Amino acid sequence: MTAVQELRKLAILGNHLPRQCGIATFTTDLGDAIAAERPALDSFVVAMNDAGRRHAYDERVRFEIDELDLAAYRRAADFLNVNTVDVLSVQHEYGIFGGKAGGHVLTLLRELRMPIVTTLHTILAEPNPLQREVMDELTRLSERVVVMSAHGAQLLHAVHGVPQEKIDLIPHGIATLPDGATKDQVGVLGKRVILTFGLLSPDKGIEHVIDAMPAILARFPDAIYIVLGATHPHVVERHGETYRLGLEARAHRLGVDASIIFHDRFVSPAELAEFLAAADIYVTPYLNLEQITSGTLAYAVGSGRAVISTPYRYAQELLADERGLLVPRADAPAIAREVIGLFAEPARADAMRARAAAYGTAMRWPAVAAAHLASLTRARDDHAERRRTSFQARTLAARPVELPALDFAHVRLLTDDTGMLQHGDYSVPRYAEGYCLDDNARALLLMTLVEDAGAGDCQLVRRLASRYAAFVAHAFDHATGRFRNFMSYARRWTEAVGSEDSHGRAVWALGTVVGRSWDPGRHSLGGKLFHAALPAVGGFSSPRAWAYALLGIAEYQRSFQGDRFVEEVQQQLAQRLLELFQRASSSDWPWFEDRVTYCNARLAQAMLVSGDRLANEEMSAVGVRALAWLVGVQCSDDSYFVPIGSDGFYRRGDVKAPFDQQPVEACGMVSACLDARQITGDVRWAHDARRAFDWFLGQNQLQLPLYDAATGGCRDGLHADRVNQNQGAESTLSFLLALTEMRAADRIGARRLSIVRGA
């Protein structure tokens with residue numbers, strides 16, 4: 001029995017047909033080829049689903065993951081471990097996994113007991129810091145890494161330091177063309193056929209082939225250009241069919257529309273083979289010259305087509321030795337010249353086709369499947385010799401505690417076409433009190449953090465974030481430089497100037513938009529409003545307004561470190577907060593005021609974060625001391641989080657008000673402790689954050705949950721004998737903000753643990 005036959009169970013992680021994308025086609029073809037090569041091998045697929053969508057998979061798909069659902073990645077890891085899979089084959093492309101730079105997949109891979117072989121469909125010459133971080137850990141977790149081109153192997157070694165002996169070069173697989181396929185089968189009998197196929201997106205450069213068509217038709221009137229493939233789903237999601245419609249309009253304007261066919265659909269492998277068999281010339285006019293693989297080009301070359309391509313990385317390698325022709329990027333006259341030359345010299349075209357077909361022998365799926373099986377088997381054997389860790393049952397202490405899923409159902413219910421309503425009667429929105437800037441700023445902050453984390457339905461997040469940004473923008477009075485806070489349900493402002501706290505909270509949200517939003521429109525609007533609103537904060541007397549603005553400044557500096565005016569305001573406000581502490585504090589009362597009231601942790605958090613940004617050790621020490629004291633003050637003898645009650649608060653020398661406990665206090669404590677963990681490196685703060693978060697889930701003095709999983713809302717507070725059943729905006733947003741930050745910290749903690757283990 002050979003080593004290959006000893007593989008008993010294989011899992012493949014990636015997209016799968018009928019999902020419409022190149023990775024889905026590759027994963028499906030690879031699975032089919034492996035099944036044909038080793039029928040006794042039990043192989044199945046863990047399929048990635050795009051957010052909110054399900055597909056009618058065949059029986060090979062045994063587990064599905066919503067790309068944005070972090071908990072689903074952990075469930076998939078458990079599924080693979082329990083099913084005693086010998087080895088996992090990962091089909092990696094940044095865009096098919098959730099999280100920043102597709103980082104959610106690492107959550108799955110860190111928890112696996114079997115070896116991992118990762119096939120890389122994209123390797124970037126200049127990855128951004130997040131992409132580099134994800135790829136570095138992905139390759140560290142992988143026993144072996146598969147690339148499809150020699151240049152890809154060089155990049156992987158040079159950019160990410162992956163040892164050459166860990167890399168396997170296996171070409172992109174291709175199918176065998178059907179015998180007897182004719183142009184008549186695809187409706188182009190008697191035509192000279194130029195073909196481009198694949199999912200359409202603006203970087204494909206198809207417009208330059210259309211621009212070449214007048215010159216081609218002037219010499220060969222029977223030429224026809226077929227563009228085969230649907231618009232990429234992500235392009236449709238963001239831009240609709242603008243690119244395709246623009247191409248069609250271009251063809252009409254140039255008068256070549258009678259010689260161009262658009263097949264706007266995702267074709268089956270069998271149908272694709274028919275079109276390839278009918279093609280005389282295949283063109284890939286791609287604009288991205290760094291592209292290191294292309295399934296469409298592999299199919300064309302391996303199928304023995306005459307190919308013309310722009311000189312992207314993969315094309316240079318695949319079309320070397322006269323297997324095809326290269327033309328400059330975005331050069332329609334060069335495309336026309338080479339097409340005309342091949343049509344005019346059929347012997348030269350036939351020789352090119354023969355060289356391509358000979359090269360394609362090693363690219364046929366049987367040979368490629370055998371190479372993948374060899375790589376998978378070697379990974380299994382190497383892993384058996386040096387297991388990274390011996391398996392033990394994962395106790396609760398040894399794995400991250402599960403967190404609820406992000407559910408925006410109640411947020412959507414509270415949001416109308418104006419913004420977010422303030423209050424609810426039970427889970428029903430209450431119109432009477434209308435809207436306020438405070439809650440819409442909180443909501444904008446939440447959506448920006450969710451967007452930055454790559455979590456949630458991106459269309460919903462974009463829509464809601466824009467709605468809240470519009471409310472914040474409308475609340476700003478440019479004449480006074482101040483925000484208004486309260487608006488009636490009739491859309492009338494009920495005050496000329498809002499509170500200092502609401503103004504500070506809006507600055508915080510806007511700074512976060514500047515620092516974290518991916519949306520250029522919101523980013524630009526946020527920056528404009530941030531700069532317009534910041535000067536007024538200098539005249540405020542509210543310490544909490546100072547704190548909110550300082551948190552916003554720290555977020556703003558993620559994008560614009562070195563803004564002199566912003567740094568001056570930061571120094572001024574942080575110094576005021578420090579002096580407030582120095583005047584009010586004592587050895588047994590290390591606090592900023594004589595009373596502990598509301599949103600308390602934000603004062604210590606702003607001091608700590610500002611000290612870190614300004615490299616001011618005194619400020620940092622004050623932030624740590626004040627937060628540690630507040631943690632102790634708000635912890636019961638039996639280790640529950642007990643926020644200072646709003647029914648009396650806590651005056652120096654007096655007793656603490658035990659109730660009414662507010663969700664906003666738990667949210668602030670979670671956020672402050674997580675920042676303390678990040679800045680100080682002390683793991684105790686993570687435990688304090690978790691205790692505060694668990695208050696929402698029923699780990700409190702009444703053992704009653706504040707979070708309502710049925711609605712996605714959060715109840716408005718904890719009384720002495722019950723929870724407040726109303727689910728308003730402040731409480732719901734407080735829970736979701738805390739949850740979003742906990743989930744982000746969970747990912748960071750798991751990454752730290754992976755590095756420490758040397759995985």
If we keep only residues of region 556-604 that are among the polar types (S, T, N, Q) and either in contact with a strand residue (DSSP E or B) (Cβ under 7 Å, 6 or more places away or on another chain) or within 21 Å of residue 635 (Cα to Cα) (or both), then the residue surrounded by the fewest Cβ atoms within 10 Å (Cβ to Cβ) is 587
Whichever residue in region 487-516 is within 31 Å of the chain's Cα centre (by Cα) and among the small types (Gly, Ala, Ser) and, among such residues, is surrounded by the fewest Cβ atoms within 10 Å (Cβ to Cβ): 515
Just one of (1) part of a loop (DSSP other than H, G, I, E, B); (2) closer than 24 Å to residue 198 by Cβ trips up residue 29, so point out which. (1)
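Conditions (1) at pLDDT 95 or above; (2) buried (at least 16 other Cβ atoms within 10 Å of the Cβ); (3) in contact with a His (Cβ under 8 Å, 6 or more places away or on another chain); (4) within 24 Å of residue 170 (Cβ to Cβ), marked per residue:
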| position | (1), (2), (3), (4) |
| --- | --- |
| 308 | yes, yes, no, no |
| 312 | no, yes, no, yes |
| 327 | yes, yes, no, no |
| 338 | yes, yes, no, no |
| 345 | yes, no, no, no |
| 351 | yes, no, no, no |
| 364 | no, yes, no, yes |
All but one of (1) part of a loop (DSSP other than H, G, I, E, B); (2) more than 14 Å from the chain's Cα centre (by Cα); (3) not basic (Lys, Arg) hold for residue 81, so report the exception by its number. (1)
Any residue in region 597-607 that is more than 18 Å from residue 551 (Cα to Cα) and of a type in the set (Phe, Trp, Tyr)? no
Candidates 521, 498 - the one that is touching a helix residue (DSSP H, G or I) at 6+ places or on another chain (Cβ under 9 Å) and either modelled with pLDDT of 95 or more or part of a loop (DSSP other than H, G, I, E, B) (or both): 498
Pick from region 22-71, criterion of a type in the set (A, V, I, L, M, F, W, C), surrounded by fewer than 21 Cβ atoms within 10 Å (Cβ to Cβ) and at pLDDT below 90, ranking: farthest from residue 200 (Cα to Cα): 71
Residues of region 346-377 satisfying the condition of being aromatic (Phe, Trp, Tyr) and out of contact with any strand residue (DSSP E or B) (no Cβ under 8 Å at 6 or more places or on another chain): 359
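Looking at region 436-494, which of the residues that are charged (D, E, K, R), part of a loop (DSSP other than H, G, I, E, B) and touching a residue at least 24 places away in the same chain (Cβ under 8 Å) is farthest from residue 534 (Cα to Cα)?
Only one residue tops the list, namely 457.
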Hits in region 324-379 - residues which are in a helix (DSSP H, G or I) and acidic (Asp, Glu): 338, 350
Scan of region 289-317 for residues that are small (Gly, Ala, Ser) and assigned to a loop (DSSP other than H, G, I, E, B), ordered by number: 294, 303, 304
Of (1) surrounded by fewer than 23 Cβ atoms within 10 Å (Cβ to Cβ); (2) more than 23 Å from residue 746 (Cα to Cα); (3) under 39 Å from the mean Cα position of the chain (by Cα); (4) not acidic (Asp, Glu), residue 651 satisfies every one except (3)
Hey, does region 227-238 have a residue that's surrounded by 14 or more Cβ atoms within 10 Å (Cβ to Cβ), over 36 Å from the mean Cα position of the chain (by Cα) and over 19 Å from residue 287 (Cβ atoms)? no
Hits in region 474-491 (condition: out of contact with any Phe, Trp or Tyr (no Cβ under 6 Å at 6 or more places or on another chain), over 20 Å from residue 412 (Cα atoms) and small (Gly, Ala, Ser)): 479, 481
What are the pairs, 6+ residues apart or on separate chains, where a residue within region 89-108 that is closer than 19 Å to residue 147 by Cα and in the same structural domain as residue 20 (by TED's automatic domain parsing) has its Cβ under 9 Å from a residue that is in a loop (DSSP other than H, G, I, E, B) and β-branched (Val, Ile, Thr)? 92/122; 93/122; 94/122; 95/122
Go through region 517-539 and count every residue that is surrounded by fewer than 19 Cβ atoms within 10 Å (Cβ to Cβ) and more than 14 Å from residue 506 (Cα to Cα). 8
Only residues that are among the hydroxyl-bearing types (Ser, Thr, Tyr) and crowded, with 19+ Cβ neighbours inside 10 Å: list them for region 693-727, please. 707
Single match in 398, 384, 405, 393 (criterion: at pLDDT below 95, surrounded by 15 or more Cβ atoms within 10 Å (Cβ to Cβ) and among the hydrophobic types (A, V, I, L, M, F, W, C)): 405
Considering residues of region 78-98 that are buried (at least 19 other Cβ atoms within 10 Å of the Cβ) and among the small types (Gly, Ala, Ser) only, the residue modelled with the highest pLDDT: 89
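The values are calculated or read from the model by the stated rules, or taken from the named source; none is laboratory data. No experiment lies behind these values; they were computed from the predicted model shown. With ideal geometry, Cβ positions are generated from the backbone for all residues, glycine too; neighbour counts draw on all protein chains shown.
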